[in-house]
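Colleague: One structure is given below, represented as structure tokens, and several questions about it will come after.
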């Protein structure tokens, strides 16, 4: 459905706002909960991977077909987060959903497969239970992961409290020494609380329906080594990272599903594996050719982005919107490099760099509104004070890429909306347009 040219419906807020003839591109992915264009061309989306997951409107994990954009939802609130754009990642964990396979080494513990409903809504969640022996009780995934010193890695697992009469609240998750040193986290599978932490990993917890939690540990390898991808241990229901030897109970159990180990500073969408590791390709989204020139003004304009990012790690450079000539010589960028920034380059030389000075926290919706014209560049972040640069020329561009630039610096997050105006907006208008 294409909205009227006299009125534009803001579906998310339920408001009708006057039509602005300068608005030549209006992509409202979150408000429409669909990959559609209200005004202007719909970007071309490509991703040849056969296995890409996302969270559906019911909070459950779904799988997208080849070259189909992923409109993602919050698993708890069910609010639409928008178009999910991610870089290429590889799940290095083998048998990510099959705890019964020999790849998962059970030490004084036993695995029972397909005992509960997993986060995708299928009866495929496995249970790990203690044995009635006086020992430590744990499981290791023996996928051989070659970690490289100086590279960040993230281990993530979906966990849920078991059904046994003595099912524990507290368990311990580890990234084993060799590449990462002693790195352990105590986690409460009933409340989602992170307890004792050793080794200073970045710990992230995401709640899912039906008692599930996705827990991730991220850390930069301090040396190169071959390591196992997962280590999960019972603690005799104690908030501790010290391995405990005790008489186990067969009614002490935990659900485990969806194990993932990937190179990167944060966990991306789940990549299921069977007999080997699996690559999820990068998402590409762009407007080129006549579709681009039909809405874009080379002389002046205003670009508005709204969305949220998966990580705020300052070591990551990510792109929200890029207008360029398929090189880095002519371009306008809205991106993150330790802070939210807009950059204008002409002839390979930076003409304007307008920096917000703010690093928006991960998973927090924000907006950026930027205008460009000869000697007139300005940026407002989330309705904040306008930062300007009054010296510089304007590039000649041939395309817009969304969530990346030149097949790199992928966003890793969600695009709620993108708007383009073929004229400049005032400071007050930039503030209003950038308000989340």
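Colleague: Which residues, taken from segment 331-340, are surrounded by fewer than 22 Cβ atoms within 10 Å (Cβ to Cβ) and either in a strand (DSSP E or B) or touching a residue at least 40 places away in the same chain (Cβ under 8 Å) (or both)? Walk me through it before giving the result.
Modeller: Residues of segment 331-340 that are surrounded by fewer than 22 Cβ atoms within 10 Å (Cβ to Cβ), as a first pass: 335, 337-339.
Within segment 331-340, 335, 337 meet the criteria.
Colleague: Does residue 295 satisfy being assigned by TED's automatic domain parsing to the domain that holds residue 81, assigned to a loop (DSSP other than H, G, I, E, B), at pLDDT 95 or above and closer than 23 Å to residue 82 by Cβ?
Modeller: yes
Colleague: Something else: Limited to segment 387-400, what total is found for residues that are under 28 Å from the mean Cα position of the chain (by Cα) and crowded, with 22+ Cβ neighbours inside 10 Å?
Modeller: The qualifying residues number 1.
Residue-by-condition table, conditions (1) assigned to a loop (DSSP other than H, G, I, E, B); (2) in the same structural domain as residue 148 (by TED's automatic domain parsing); (3) free of Cβ contacts under 8 Å to residues at least 40 places away in the same chain:
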residue	(1), (2), (3)
21	yes, no, yes
27	no, no, no
36	yes, no, yes
53	no, no, no
68	yes, no, yes
82	no, no, no
97	yes, yes, no
114	no, yes, yes
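Colleague: Follow-up. With the condition being closer than 21 Å to residue 99 by Cβ, I'd like the strands (runs of 3 or more DSSP E) fully within segment 136-219 carrying at least 1 qualifying residues.
Modeller: Answer list for segment 136-219: 138-141, 145-147, 152-161, 170-175, 183-188, 202-207.
Colleague: Mind listing just one residue for me: the one in segment 351-373 that is within 15 Å of residue 389 (Cα to Cα) and in contact (Cβ under 8 Å) with a residue 40 or more places away in the chain and, of those, nearest to the chain's Cα centre (by Cα)?
Modeller: Pass one, segment 351-373, residues within 15 Å of residue 389 (Cα to Cα): 351-357, 369-373.
When the remaining residues are screened for being in contact (Cβ under 8 Å) with a residue 40 or more places away in the chain, the result is 351-352, 369-373.
On the way: 351: 31, 352: 29, 369: 22, 370: 24, 371: 28, 372: 29, 373: 33 Å.
So the residue we want is 369.
Colleague: Another question, then. Looking at segment 386-436 only, could you name the residues that are free of Cβ contacts under 8 Å to residues at least 60 places away in the same chain, assigned to a loop (DSSP other than H, G, I, E, B) and more than 17 Å from residue 353 (Cβ to Cβ)?
Modeller: 426
Colleague: Using the structure shown, decide if residue 57 is surrounded by fewer than 18 Cβ atoms within 10 Å (Cβ to Cβ) and closer than 24 Å to residue 287 by Cα.
Modeller: Details: surrounded by fewer than 18 Cβ atoms within 10 Å (Cβ to Cβ): yes; closer than 24 Å to residue 287 by Cα: no.
Here the answer is no, as residue 57 does not meet what is asked.
Colleague: Spot the failing condition for residue 143; the list is (1) surrounded by 18 or more Cβ atoms within 10 Å (Cβ to Cβ); (2) modelled with pLDDT of 95 or more; (3) not assigned by TED's automatic domain parsing to the domain that holds residue 407, and only one is missed.
Modeller: Single failed check for residue 143: (2).
The values are calculated or read from the model by the stated rules, or taken from the named source; none is laboratory data. This is a predicted model, so every value here is computed, not measured. Note that each Cβ is placed from the backbone with ideal geometry, even for glycine, and that neighbours are counted across all protein chains shown.
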